[in-house]
Amino acid sequence: MNNVVKPARISIKNWLLLFLLFYAVSEQLAAKNIAFDKEKVSLKYFHDKESLFSYEEIRSRSKNFSTLNEAINDGFNNGKYWISLRVLNESSQSYSLEIPFSHTNKVLCYRNGKLVDPQPNSRFKLFHFDNLSNQDDLTLEVNCTKEAFIPIGFCARHDFYKTEYSNYLIIGLYYGIALSILTLHLFYFSLFGESTYGYYALMLVSLTFTLSYRDGIWYMFLGDGWFHDHIEPFFNLMVAVSLAFFSSTYLQHKRYLPRFKYIGGAALATAIIALTTYLIKDTYEWFVITELSIISCLTVYFITGLILWNKNIYSKFFVIAYFPILISSYEHYNSAFFGFTFIGIDIEIFRIGGVFEMAVFTFAITYQARKWMQEKQGLEIDVETRNKELTTFTLQMAEKNTFIRSIQEQMQLSKVPDGIKEREWIRKTNKLISQSLSAENSWEEFKIRFERVNSGFYQKLKSNYPDLTAAEVRLAALAMLNLSVKETASLLNLGERSVISARSRLRKKMALSKDDNLSEALKNM
């Protein structure tokens, strides 16, 4: 028992230090998406919702363009947007233009009427311009197949690279932490077999995939094809499914909310149906319904943590850890879908919330696992004690029966006087001894002690072999204890040959061969 391996003791102080380190580095690097300077750049836009105009036609409609002071955020008013950009600086410089949003990748850029090739292997749609001045006309043709959210990043080339290097450092730091924690949970899962570790590892992978999509990693490798355009809901659904399994085991829904499985199952089924419909119809409306269904599912499982807040400390960990991720999800999806800003959370805050969530959950799950291991160790000690008690009691029964039988044999061998009264007394005494040898009281106590150690044994035995007699059930229980023929004969008040014959009949009823171990067969039943 002293050799049981336990999860490492990970203090909340260490995880807090890790989170503060990540937060400090993030703030120092100030990794943000580039934006445009209103004093250096003039931006105008035109919404071509029905996609009626070509580039040549749109140039003659410059008077219909409206001034753009910030990112376009029109929600359901998607379609084609034309954006005209002109620098206010007379001298020629090198500039970079980026649209840092994973949903906006179908972009064409014209410089003085000529198409500009986008930069390969970039996280988002990116264009570089050499010798750009106020004499140059830049026009973007942006096709919004999902929400009409178009952030514009435009700055000097050296500023872009400076910001992008900072972004890569933060991204690398975040995914390094995520990979380390994922490895830790997979190691614990393989070592202890606790499903909570496995489910959290799956949830962490799902969250990381979702964030990597937002970071433009998938666009960098896949481009803007069909798979990239439709992969995001799969990642989000993975988060919902993994959260469902994780919260069910971590919050112990079966114990505290046994009927919640129907509500949670209905929420997951709704999200799956919505995703399937979106893939069939491929419309923005069904994309929104899919994402809202998934977010609703996440909210339903989050609410269970609030319901169980006072039931156990694990619920508190769950609510505190998952709250930043849930709020960030509402901000990212709902605000863009409906064209409003919720509380202004950017992707860096999302990452910081992610590290906070990983730190809290990892500490909480490890804390819970240690508690479980302690309880398991206590149960093993209790089972071992009960096993010893059962063995002692069984041997005492056998010794008692042996002692009483020896007295009976001695009385039967002794000479009986001719007096009828004495002969009658001996007969009655023998009868009482025989009754004591087959007394049910001792067997009832044996059955109770046996069930404490081998819960459900009698029920399984009768279920698998319903034609067994009461005597054969007793024989099976004694056989499972690996008692010898002599000890079994003493307990059942039978001869040793009778026990051997009874065991043979039991084997036949259980369809066992001579080579099969009766005790092992009963244990593996």
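The values are calculated or read from the model by the stated rules, or taken from the named source; none is laboratory data. Treat the numbers as computed from the prediction; the structure is a model and nothing was measured. Don't worry about glycine lacking a Cβ; one is built from the backbone with ideal geometry, like all the others, and counts go over all protein chains shown.
Based on what the data block shows, is N167 at pLDDT below 90 and within 44 Å of the chain's Cα centre (by Cα)? Give the steps one after another, and end with the answer.
Working: at pLDDT below 90: yes; within 44 Å of the chain's Cα centre (by Cα): yes.
Considered against the rule, which asks whether it is at pLDDT below 90 and within 44 Å of the chain's Cα centre (by Cα), N167 comes out as yes.
Taking the condition modelled with pLDDT under 90 and out of contact with any Cys (no Cβ under 8 Å at 6 or more places or on another chain), does S62 pass? First the steps, then the outcome.
Working: modelled with pLDDT under 90: yes; out of contact with any Cys (no Cβ under 8 Å at 6 or more places or on another chain): yes.
Here the answer is yes, as S62 does meet what is asked.
Could you identify the single residue in I325, I345, I295, I352 that is surrounded by 15 or more Cβ atoms within 10 Å (Cβ to Cβ), touching a helix residue (DSSP H, G or I) at 6+ places or on another chain (Cβ under 8 Å) and at pLDDT 85 or above?
Just one listed residue meets the conditions, I295.
I want to confirm something. Restricting to the range 515-525 and keeping residues that are assigned to a helix (DSSP H, G or I) and of a type outside the set (D, E, K, R), which single residue is nearest to G456 (Cα to Cα)?
Ranking the candidates gives L522 first.
What are the residues in the range 45-62 that are outside any loop (DSSP other than H, G, I, E, B) and farther than 15 Å from D137 by Cβ, if any?
Answer for the range 45-62, where residues must be outside any loop (DSSP other than H, G, I, E, B) and farther than 15 Å from D137 by Cβ: H47, D48, E57.
When you go through S84, S94, S102 one by one, which is the residue that is among the hydroxyl-bearing types (S, T, Y) and surrounded by fewer than 16 Cβ atoms within 10 Å (Cβ to Cβ)? Break it down into steps so the answer makes sense when it comes.
Details: S84 fails: surrounded by fewer than 16 Cβ atoms within 10 Å (Cβ to Cβ); S102 fails: surrounded by fewer than 16 Cβ atoms within 10 Å (Cβ to Cβ).
Result of the check over S84, S94, S102: S94.
Only one of these is crowded, with 19+ Cβ neighbours inside 10 Å and closer than 29 Å to H103 by Cβ: Y188, Y250, Y200. Name it.
Y200
For the range 105-114, which positions are in a strand (DSSP E or B) and either surrounded by 22 or more Cβ atoms within 10 Å (Cβ to Cβ) or under 40 Å from the mean Cα position of the chain (by Cα) (or both)? Give the derivation first.
Narrowing the range 105-114 to residues in a strand (DSSP E or B): 107-111, 114.
Once the filter is applied, which keeps residues that are in a strand (DSSP E or B) and either surrounded by 22 or more Cβ atoms within 10 Å (Cβ to Cβ) or under 40 Å from the mean Cα position of the chain (by Cα) (or both), the range 105-114 yields V107, C109.
In the range 114-141, what count of residues is obtained for those that are within 21 Å of K40 (Cβ to Cβ), small (G, A, S) and in contact with a helix residue (DSSP H, G or I) (Cβ under 7 Å, 6 or more places away or on another chain)?
Residues flagged as within 21 Å of K40 (Cβ to Cβ), small (G, A, S) and in contact with a helix residue (DSSP H, G or I) (Cβ under 7 Å, 6 or more places away or on another chain) within the range 114-141 amount to 0.
Can W309 be described as part of a helix (DSSP H, G or I), without any contact (Cβ under 8 Å) to a residue 24 or more places away in the chain and surrounded by fewer than 21 Cβ atoms within 10 Å (Cβ to Cβ)?
No; evaluated as a whole, the condition is false for this residue.
Taking the criterion of being within 12 Å of L518 (Cβ to Cβ), over 41 Å from the mean Cα position of the chain (by Cα) and of a type in the set (S, T, Y), would at least one residue in the range 487-498 satisfy it?
Yes: one or more hits.
Filter the range 239-262 down to the residues that are of a type in the set (A, V, I, L, M, F, W, C) and closer than 16 Å to S296 by Cβ, then identify the one that is nearest to the chain's Cα centre (by Cα).
Ranking the candidates gives L243 first.
Does Y333 meet the test of being buried (at least 17 other Cβ atoms within 10 Å of the Cβ), modelled with pLDDT under 90 and in the same structural domain as T210 (by TED's automatic domain parsing)?
Judged against the criteria, Y333 is a match.
Among what's in the range 105-134 and is of a type in the set (K, R) and under 22 Å from S51 (Cα atoms), pick the residue that is modelled with the lowest pLDDT.
So the residue we want is K106.
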